[in-house]
1. Can you run down the residue pairs with Cβ atoms below 8 Å, 6 or more apart or on separate chains, where the first is in the range 457-475 and in contact (Cβ under 8 Å) with a residue 24 or more places away in the chain and the partner is assigned to a strand (DSSP E or B) and loosely packed, with under 12 Cβ neighbours inside 10 Å?
2. Does the range 185-208 contain at least one residue that is without any contact (Cβ under 8 Å) to a residue 24 or more places away in the chain and under 25 Å from the mean Cα position of the chain (by Cα)?
3. I need a count of the residues in the range 45-96 that are closer than 13 Å to residue 131 by Cα and in contact with a strand residue (DSSP E or B) (Cβ under 8 Å, 6 or more places away or on another chain).
4. Got at least one residue in the range 433-446 being in contact (Cβ under 8 Å) with a residue 24 or more places away in the chain and exposed (fewer than 13 other Cβ atoms within 10 Å of the Cβ)?
5. Select from the range 459-472 the residues that are within 34 Å of the chain's Cα centre (by Cα) and buried (at least 17 other Cβ atoms within 10 Å of the Cβ) and list them in ascending order.
6. Could you please find all residues in the range 256-296 being over 21 Å from residue 192 (Cβ atoms), part of a helix (DSSP H, G or I) and in contact with a helix residue (DSSP H, G or I) (Cβ under 7 Å, 6 or more places away or on another chain)?
7. Residues that are surrounded by fewer than 19 Cβ atoms within 10 Å (Cβ to Cβ) and touching a helix residue (DSSP H, G or I) at 6+ places or on another chain (Cβ under 9 Å): find the helices (runs of 4 or more DSSP H) completely inside the range 297-383 holding 1 or more of those.
8. Condition first: under 22 Å from residue 325 (Cβ atoms) and buried (at least 24 other Cβ atoms within 10 Å of the Cβ). Now tell me which residues in the range 126-140 satisfy that.
């Protein structure tokens, strides 16, 4: 049986390797880890209920995660599968943007595979991120759809652009930085302005506002919860007295941390290469748009610095700076000589392979070196100790989302509460268990944040209660333990 010529093409081979890589990440993650980090544990807490919003986080990723939990079960596999599908979508839309709009497969492969040079894509997205991964895919899709709309003037494409713009905002609020930069870019370029100012864009706006109105209304009535984290950051900066300098410094640091490696690699591979490619009108137009998009992104971020003294982290820049490989590809387009392109593709494969090995080799490495802080606690063991003291189901009040989310794997029919997460309805008549870390002897008593929370929600005073100490082993290192403490509060007697 002969293989189809399509599957023998370099592009198809790279796509097969890419999706094989992502599939293997999903499978190994499900096998190796029984516990999760901060962002994923937050999803385990928030997916207890359908809502129009979840405090400082928009709802879309949580809605999708609820669906995946319902289909695949409440487990690490469902978490990893959703995340890697979003990552795969970012790669696909990046490829389609360059191939379809510039008509160059080689440049498309360079831009797509060079996404692995962004630490937030190849490392942090696999390790823990959730909403940022979906927002990045929506940004890649929005860029593709807008540029396609600029070329084809399609009502369907315009409607899809409005939908994807909405989905991005429902994924992560900082997606608005990318969307603003995109629209400003189109408005600033004569050849793209007609694609922005026409009846089709009115349809896109109608889709955005019409379908997004329930969440917009929720935001207007819950503005304090939505802005809670931003207000905390602003207050912290104001106390320093150097908010503008600090904010600007954080922005520059975030740009360098996100894009620095990719910029250095492209310079090393292509800077001294002789020009070999002619720039076609299609390539010139796309390069101009991406150049302006990067400039507008910087200007929008500077505006945030001036208006709100926003403090930037590199992961917040992901929905905007994922375009770095596209920008670098077109900056060096004339120097994309075949031999050097092949070298870059191999280098990208090596980077992906190293990240894969390091991510999945962390447990044995931590055990071999005694760096147990890199291991998860065995929360199934902690859950077993809670059960041994009488708690089967009811309400779990955890010190943070990591503890609460990981305990939900075992107590799936219980309500999980954590101070940093939205509140969910908790039955006062049910058994409760209050859990916190007690690494030091000074942490044995329940923390005030939990005692206040239990008093306000259940009316139970914990000041005289005697906590139970639990030595919990680490996953992959059962001889090493971390100490937790808990209080079991049985259901109150029925009057």
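The values are calculated or read from the model by the stated rules, or taken from the named source; none is laboratory data. Since we're looking at a predicted model, the values are computed, not measured. No Cβ is skipped: glycine too gets one built from the backbone with ideal geometry, and neighbour counts run over all protein chains shown.
1. What qualifies is 473/479.
2. No, the conditions are met nowhere in the range 185-208.
3. Total meeting the criteria: 2.
4. Yes, some residue in the range 433-446 is in contact (Cβ under 8 Å) with a residue 24 or more places away in the chain and exposed (fewer than 13 other Cβ atoms within 10 Å of the Cβ).
5. Initial filter on the range 459-472 (within 34 Å of the chain's Cα centre (by Cα)): 470-472.
Result: 470, 472.
6. The first filter runs over the range 256-296 and keeps only residues over 21 Å from residue 192 (Cβ atoms), leaving 256-278.
With the extra rule that they be part of a helix (DSSP H, G or I), the set shrinks to 256-270.
Within the range 256-296, 257, 258, 259, 261, 262, 263, 265, 266, 269, 270 meet the criteria.
7. On the way: elements: 318-321, 324-331, 338-369.
Per the criteria, 324-331, 338-369.
8. Passing the criteria: 129, 131, 132, 133, 134, 135, 136, 137, 138, 139, 140.
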